[in-house]
Amino acid sequence: MSLPPYTPERPRHPYEDMPYTGRKFGQAFHLFCRGCGYGAIGQLLCRVFKEERLDEKKHPFIVGVGCYSIIPLILPGRIWMTLHGRTLPVATGIKLANPDVTPICLAGDGDNLSIGTNHFVHACRRNIGIVLIMLHNNIYGMTGGQAAPTTPHGMNATTAPYGFLETEFDAVSLAISAGATYVARWTTAHPRQFMKSVKKAIKWKGFAFIDMVSQCPTYFGRKNDMAQPVDVFNWIKGNSIPINKAEGLSPEELQGKFIVGEFKESPREELSEKYIELIKRAREKKK
Amino acid sequence: MSEYIYEYDMPPGRYVWMGNTAMVEGALAAGCRFFAGYPITPQNEVPERMSQRLPQVGGRFIQMEDEIGSISAVVGAALGGLKAMTSTSGPGFSLMQETMSWAAAIEVPIVVGEVQRTGPGAGIVSLPHHSDIIQAHYGGNGEYQVIAFAPATSQELFDLTIEAFNAAETWRTPTIIFSDSWLGHIHEEVKVPPLDELKKRVIPRKKVAYDAEGKPLKRQQYLPFTMYDKKAGEYKISITPNITTEYFPEWLPAVTHTPQSIPNEFQESSEIMVTNINNKILANEEKIVKIDEYFTDDADVALVCYGLPYRTALRSVKMARADGMKAGLFRLITVWPFAKKAVRELSQKVKKILVPEINIGQIVIWVEAAVEDGTEVKPIPAISRLHEPKELYNEIKEALN
């Protein structure tokens, strides 16, 4: 099976002429809802892959379970779909077995902050060389719009018809306090910055985490009186505050806002490299 | 990073090793170079020894955050190109079931050392209990097959762990080593053979697949998953895909897929996948199953057992033979897949079958199902303890009267 190359020309503007590449099945179809942000994210990742001329053997995509699990229809390279929430331990196994491979994990907010939080926190702590892109759409889209740990307080979902009582998770603060060495948050309204961040994360030695906020018009929009996809998009855009502007604001003013930007860049020794040193040490000690 | 993987380095000779240590050394001898685990009594000596020994042979050890993480990392490393294993006990084994089901579906060769303890719940960590025999087979969601070995001595823990890795490589399904808290802590003599002898016993991880004429397969010709070859009438099991070689499929799904690794939701596809992953084991039962028989040729009553009870049973059968009773012993070295055919043949030879197990009777159901001609099958349960040889002797005596 010879594969068609992904889109040859680079679109002039990220939101102008942004086709779903549909590499695997020609340009036949995609399965995302109309207005969903995940298709755009897939396209941005394709462009990073192409612009950086990444080796598909060195950068496999490890994909969890969620709406975005059909992103392999768009993505280039090798895709390994894992069980719900288990992207990071699988990537840990790959990385330790092959230190020259840097897996790119795509996990949803349910994957990463609900069923797999334990793996997330410990991967941050270990500082193992994995890129984690968390696709964050504020809701469980695939299963029908249930409340997620990222659903903002007071918003509606199919399991929160009277408004969500709990407070949402801030994945960025969690990653920083758990010890991730590169932490950023972008939204679908910041495609260029996101691409720049992904390029940086792929070269980063250590655990790189990018929280990517995206719109879910079908469930999140419908349940929260945002009739058009662009309304959800504008809601995200309107609630985004760049990190330098957020510094002077009080916690009340920041309630329910998405602070975007690069939060942390502090290199630390990477685990799989340290392990190779350990092997050398253990063998010397044995002699 | 294959330049950091080294050969097995234990000098040949005789050692006194704990069961858990023997399992670790067997795994290393079999080429295991990745271990992810989580502490749980009574298997703690396995990760402890692994953390010390794996770096010495260039392997990778990691202590994960839980058992789910451990087995997921093992699956990752297995498709990352290393032979990998984990070990656990009781509640940890339950946590691993989800991933074991997935590993069976995508045909990843992994090995799980299950040092069983008493259940249910947290149970008692220091007592032996073969409580997870059925769970190992039927614990996960969906229908799949596992291969399970039941050693009974430290030496067997060494030898059968090598066999377990070979079985995992050959049949590409999760393979389990049933130990228990007493077997794991028995200190016994283990003979380590020379390296060249070990190498003959070990099936290495293959990186390149070849066709019938011996030419390396191209990516387009390679099938990532098992397929039924109608002409030959057998299941064709291809080599395990490796994420760093060209054979890794474009999209390796966790959902139902075709042998070409294309996910879909058609009934036919599900039928083919479920049939293939089950029948590649069931149709090859005779090749996989290992049994041992003692004095069964002229026996009137036979004891069917596996794991530690085999040692008690052997002694009581010898006692019975010394007193002129025609008793025999049939041992299951592999518990799963169940040796249906061999047990059926046994039932035609003997009049009565006794099944001593250290649980309320998990394999006895399978023995009953395999017996055809009305041979009487009697379970002899023992909960969280081993049978006394005298106890089994009395049972044999009673069965013959």
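Among (1) assigned to a loop (DSSP other than H, G, I, E, B); (2) at the interface with another protein chain (Cβ under 10 Å from one of its Cβ atoms); (3) charged (D, E, K, R), where does A:Arg125 come up short?
Tallying (1) assigned to a loop (DSSP other than H, G, I, E, B); (2) at the interface with another protein chain (Cβ under 10 Å from one of its Cβ atoms); (3) charged (D, E, K, R), A:Arg125 fails exactly one: (1).
Scan region B:149-204 for residues that are part of a strand (DSSP E or B) and of a type in the set (Lys, Arg) and report the count. Even if it seems obvious, please write down each step before you answer.
In the first step, residues of region B:149-204 are kept if they are part of a strand (DSSP E or B); the result is B:149, B:175-180, B:187-192.
Going one step further and asking which of them are of a type in the set (Lys, Arg), we end up with B:191.
Of the residues in that region, 1 qualify.
One residue is enough: does region A:265-273 have a residue meeting the conditions closer than 30 Å to A:Pro103 by Cβ, at pLDDT 90 or above, more than 24 Å from the chain's Cα centre (by Cα) and at the interface with chain B (Cβ under 10 Å from one of its Cβ atoms)? Let's see the steps before the verdict.
First, pick out the residues of region A:265-273 that are closer than 30 Å to A:Pro103 by Cβ: A:265-273.
From what is left, the residues that are at pLDDT 90 or above are A:265-273.
Filter again for more than 24 Å from the chain's Cα centre (by Cα), leaving A:273.
Next cut, at the interface with chain B (Cβ under 10 Å from one of its Cβ atoms) only: none.
No, every residue in region A:265-273 fails to be closer than 30 Å to A:Pro103 by Cβ, at pLDDT 90 or above, more than 24 Å from the chain's Cα centre (by Cα) and at the interface with chain B (Cβ under 10 Å from one of its Cβ atoms).
Would you pick out the residues in region B:221-243 that are of a type in the set (Lys, Arg) and in contact with an Asp or Glu (Cβ under 9 Å, 6 or more places away or on another chain)?
Initially, region B:221-243 is screened for residues of a type in the set (Lys, Arg), giving B:230-231, B:236.
Of everything in region B:221-243, just one residue is of a type in the set (Lys, Arg) and in contact with an Asp or Glu (Cβ under 9 Å, 6 or more places away or on another chain), namely B:Lys236.
Of all helices (runs of 4 or more DSSP H) completely enclosed by region B:17-107, which ones contain at least 2 residues that are under 17 Å from the mean Cα position of the chain (by Cα)? Write out each step before concluding.
Details: elements: B:19-29, B:45-53, B:67-79, B:90-105.
Answer list for region B:17-107: B:19-29, B:67-79, B:90-105.
Among (1) open to solvent by 10 Å² or more (accessible area, probe 1.4 Å); (2) touching a helix residue (DSSP H, G or I) at 6+ places or on another chain (Cβ under 9 Å); (3) modelled with pLDDT under 95, which single condition is B:Ile333 missing?
The one condition B:Ile333 does not meet is (3).
Only one of (1) open to solvent by less than 20 Å² (accessible area, probe 1.4 Å); (2) without any contact (Cβ under 8 Å) to a residue 60 or more places away in the chain; (3) facing chain A (nearest Cβ under 10 Å) is not met by B:Phe61, so which one is it?
(1)
Just name the residue that is nearest to the other protein chains (Cβ to nearest Cβ) out of those in region B:205-256 that are outside any loop (DSSP other than H, G, I, E, B) and without any contact (Cβ under 8 Å) to a residue 24 or more places away in the chain. Break it down stepwise before answering.
First, pick out the residues of region B:205-256 that are outside any loop (DSSP other than H, G, I, E, B): B:210, B:216, B:227-229, B:234-236, B:251-252.
Subset that is without any contact (Cβ under 8 Å) to a residue 24 or more places away in the chain: B:210, B:216, B:229, B:236, B:251.
Details: B:Tyr210: 21, B:Pro216: 17, B:Asp229: 21, B:Lys236: 19, B:Trp251: 5 Å.
Here the residue is B:Trp251.
Taking B:Gly69, is it open to solvent by 10 Å² or more (accessible area, probe 1.4 Å) and in contact with a strand residue (DSSP E or B) (Cβ under 9 Å, 6 or more places away or on another chain)? Spell out the reasoning first.
Details: open to solvent by 10 Å² or more (accessible area, probe 1.4 Å): no; in contact with a strand residue (DSSP E or B) (Cβ under 9 Å, 6 or more places away or on another chain): yes.
So B:Gly69 does not fit the description; no.
Is it the case that B:Leu79 is within 12 Å of chain A (Cβ to nearest Cβ), among the aliphatic types (A, V, I, L, M), open to solvent by 10 Å² or more (accessible area, probe 1.4 Å) and under 24 Å from A:Phe120 (Cβ atoms)? I'd like the intermediate steps shown before the answer.
Details: within 12 Å of chain A (Cβ to nearest Cβ): yes; among the aliphatic types (A, V, I, L, M): yes; open to solvent by 10 Å² or more (accessible area, probe 1.4 Å): no; under 24 Å from A:Phe120 (Cβ atoms): yes.
No: the conditions fail for B:Leu79.
Just the residues that are open to solvent by 50 Å² or more (accessible area, probe 1.4 Å) and under 20 Å from B:Ala164 (Cα atoms), please, taken from region B:2-44. It would help to see each step written out before you state the result.
Within region B:2-44, the subset open to solvent by 50 Å² or more (accessible area, probe 1.4 Å) is B:2-3, B:5-7, B:11-12, B:14-16, B:38-39, B:41.
Matches in region B:2-44: B:Glu7 only.
Could you grab me the full set of residues in region B:191-217 that are within 20 Å of the chain's Cα centre (by Cα) and of a type in the set (Val, Ile, Thr)? Walk me through it before giving the result.
Within region B:191-217, the subset within 20 Å of the chain's Cα centre (by Cα) is B:198, B:201-205.
Listed by number, the residues that qualify are B:Val202, B:Ile203.
The values are calculated or read from the model by the stated rules, or taken from the named source; none is laboratory data. Fair warning: this is a prediction, and the values are worked out from it, not measured in the lab. Neighbour counts run over all protein chains shown; Cβ positions are idealised from the backbone, glycine included. Protein only, heavy atoms only, side chains kept; ligands, DNA and RNA dropped before computing areas. Shrake-Rupley method; radii C 1.70, N 1.55, O 1.52, S 1.80 Å.
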